[in-house]
1. Going through 262, 288 one at a time, which residue ends up being in a loop (DSSP other than H, G, I, E, B), surrounded by fewer than 22 Cβ atoms within 10 Å (Cβ to Cβ) and in contact (Cβ under 8 Å) with a residue 40 or more places away in the chain?
2. Suppose we keep only residues that are over 18 Å from residue 171 (Cβ atoms) and of a type in the set (A, V, I, L, M, F, W, C) within segment 211-240. Which one would you say is surrounded by the fewest Cβ atoms within 10 Å (Cβ to Cβ)?
3. Restricting attention to segment 246-285, which residues are β-branched (Val, Ile, Thr) and at pLDDT 90 or above?
4. Looking for something crowded, with 16+ Cβ neighbours inside 10 Å and closer than 16 Å to residue 259 by Cα - is there at least one such residue anywhere in segment 165-175?
5. Here is a list of conditions, (1) farther than 19 Å from residue 26 by Cα; (2) at pLDDT 95 or above, and residue 98 meets all of them except one; can you say which number that is?
6. Identify, by number, the condition in (1) of a type in the set (Lys, Arg); (2) in a loop (DSSP other than H, G, I, E, B); (3) over 20 Å from the mean Cα position of the chain (by Cα) that residue 313 doesn't meet.
7. Would you point out which residue out of 323, 359 is hydroxyl-bearing (Ser, Thr, Tyr), in contact with a strand residue (DSSP E or B) (Cβ under 8 Å, 6 or more places away or on another chain) and not assigned by TED's automatic domain parsing to the domain that holds residue 236?
Amino acid sequence: MFRRYGAVAAVLSALALSFNSAQAEPGVSDTEITIGMWMPLSGPAALLGQSARDGVRVWSDEVNAKGGINGRKIRIVAYDDAGSPQEANAAVRRLINQDEVFALLAGSISGSTLAVRRLITSSKVPFISSISSNNNLMNPFSRYIFRVYGNEDAQAAGIVGRMIDGDGIKRPAIIYTSNDYGVGGFHVYTALLKDKFKVASVADERYNPGDQDFSAQLLRIKSANPDGLLVFAFAQEAGIIVRQAKELGLNVKFYGGGGAATSLLQRAAGPSAIGFKAVSVLPQTVETSNDPKVVAYRDKLKQLYPNGFPPGRPSEYDVAAYTAGKIAESVLKELGKDVTREKFVDGLERIKNFEGVGTFPVTFTPTSHEGTNSVEIIEVGSDLAWKAIGHEGGK
């Protein structure tokens, strides 16, 4: 009798352990999958965070309206980090330890994403990034971190190639923001000039995020007599820099990194923006594209903004975050009811030529989590609208 009771108890114990193990996957219940986000909803980079938040919200609303994924609806938990690495660290710790999210989407600007990459990796939480372009997000390689668009290597190669090979710039200069986005871009730019193009930068100037007067830096650049200036800044500051440069008589060709590729540039620069060339991580301009998928996205976004879009919206950060959500949805559908973080990562590593919305096709493998190295070169026309003028890369 004792032996029989012991055997039954052992079976029940094993079943209980199995049940508890099945239920223990963070962020997954019978009815929900919880996804975490942290991003700058306030501060100088608020456009990026608000765009990413809305892109994920449009995606989750779509999914939930259809009854969820394999019977589970998506619940989003999001926090504002104001672009601060310290706030980002607190937010991600809360998402992982308190909210127990299953995965993370979008992320923040480079400084606030790099600050938590080690925490994300050590916690083994899958993360699909759609904002940060910094190379160090993938250095060293992490099994748990993925990116949906071209990194700063791809972006810099595209715009510097256009400057030197395409436009014949002989005396390039750069002005860049002092955060991780700008500093990372500056280092890639200078390395490319030296190693690939055998050209020296005639002037390198930096400024702090939030600055409004760039005359001191621009006058020093002007004294170096450049024929091209790369403005490695987010769009609104880039627009102010270009306008002030022309007011100071710095009549050169102007170029921008991926952060400048929204209409906030024209809003700040006015007619001075005409002829400005930038690198875009998208094959088309989201605000004006006639691609049916992009038009459909804009129509859905209008439901959040019935009185009209805010300035600079929708942007590349909208559709990049939306595509990150669609990639997650694809993998979760494939997994069925048996959803774990490790199986989700395995599924991401099988993504091949994923056709997002308004983005380049995305491919991940077990050894490369950079979704693409494709970029587009765009230019502000006489009507102050962006237009595509050339494709670079190709993964």
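1. 288
2. The qualifying residue surrounded by the fewest Cβ atoms within 10 Å (Cβ to Cβ) is 216.
3. 252, 274, 279, 281, listed by residue number.
4. Yes: segment 165-175 contains one or more residues that are crowded, with 16+ Cβ neighbours inside 10 Å and closer than 16 Å to residue 259 by Cα.
5. (1)
6. Unmet for residue 313, out of (1) of a type in the set (Lys, Arg); (2) in a loop (DSSP other than H, G, I, E, B); (3) over 20 Å from the mean Cα position of the chain (by Cα): (3).
7. 323
The values are calculated or read from the model by the stated rules, or taken from the named source; none is laboratory data. These numbers come from a predicted model, not from an experiment. Glycine gets a Cβ as well: all are built from the backbone with ideal geometry, and neighbour counts include every protein chain shown.
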